[in-house]
Amino acid sequence: MYTPPEITLAEFRERYPLLFSDPSVDDIYCSRGWRDLLVTLCDTLQAHLDRHPDVSQVVVAQVKSKFGELHFFYDGGDSYCTGAVALAEQMSLKTCEQCGAPGKQTGDRWVSTLCPMHDGSALSGES
């Protein structure tokens, strides 16, 4: 099974210095399974901004998981950026937080988005 690398703020600041230029951002509060989703989102945002210098730079304010969903808060951008973020947030609802495999929301009081392997249903034969 593929295990994505940890998500580190230092890596994202190095890869996307303009997106992560706010010094008050102290961490990325989500698990490694969404790393590729975040990389794709940040690549998409910065490429769009590079092609459209008239659009104000997106500056990340916070990245976190809440109720099994990615929340990506930022300033700047345009409607394209809004759509890209909304798409990534929707994709997180179907992406395992732990490994990045297809998943679904599970849990009652503590909601997570997990694949069958990480929610335990693959081991118990449930689906």
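List pairs: first in the stretch 90-110 and under 11 Å from residue 37 (Cβ atoms), second surrounded by fewer than 17 Cβ atoms within 10 Å (Cβ to Cβ) and of a type in the set (Gly, Ala, Ser), Cβ under 8 Å, 6+ apart or cross-chain?
Listed by first residue and then by second, the contacts come to 95/101.
Would you be able to say whether some residue in the stretch 73-85 is within 23 Å of residue 6 (Cβ to Cβ) and not hydrophobic (A, V, I, L, M, F, W, C)?
Yes, some residue in the stretch 73-85 is within 23 Å of residue 6 (Cβ to Cβ) and not hydrophobic (A, V, I, L, M, F, W, C).
Within the stretch 105-124, restricting attention to residues that are among the hydroxyl-bearing types (Ser, Thr, Tyr) and surrounded by 15 or more Cβ atoms within 10 Å (Cβ to Cβ), which residue is nearest to residue 45 (Cα to Cα)?
113
Within the stretch 46-88, can you find the residues that are of a type in the set (Ser, Thr, Tyr) and either farther than 29 Å from residue 107 by Cα or buried (at least 17 other Cβ atoms within 10 Å of the Cβ) (or both)?
Correct list: 56, 65, 74, 79, 80.
Scanning for something more than 18 Å from residue 88 (Cα to Cα) and not basic (Lys, Arg), does the stretch 32-42 turn up at least one residue?
Among the residues of the stretch 32-42, not one is more than 18 Å from residue 88 (Cα to Cα) and not basic (Lys, Arg), which makes the answer no.
Name the strands (runs of 3 or more DSSP E) wholly within the stretch 24-109 that hold at least 2 residues that are touching an Asp or Glu at 6+ places or on another chain (Cβ under 7 Å)?
Result: 59-66, 69-75.
Within the stretch 1-44, count every residue that is of a type in the set (Gly, Ala, Ser) and under 22 Å from residue 77 (Cβ atoms).
Final tally of qualifying residues: 2.
Looking at residue 102, is it modelled with pLDDT of 95 or more, in contact with a Cys (Cβ under 7 Å, 6 or more places away or on another chain) and loosely packed, with under 14 Cβ neighbours inside 10 Å?
Answer is yes for this residue.
Is it the case that the stretch 14-36 has a residue that's β-branched (Val, Ile, Thr) and either within 26 Å of residue 108 (Cα to Cα) or at pLDDT below 95 (or both)?
yes
Considering (1) touching a helix residue (DSSP H, G or I) at 6+ places or on another chain (Cβ under 9 Å); (2) touching a residue at least 12 places away in the same chain (Cβ under 8 Å); (3) surrounded by fewer than 16 Cβ atoms within 10 Å (Cβ to Cβ); (4) within 21 Å of residue 16 (Cβ to Cβ), say which one residue 43 fails and leave the rest.
(2)
The values are calculated or read from the model by the stated rules, or taken from the named source; none is laboratory data. Keep in mind that what you see is a predicted model, and the values were worked out from it rather than measured. Positions of Cβ are generated from backbone atoms using ideal geometry, with glycine treated the same way; all protein chains shown enter the neighbour counts.
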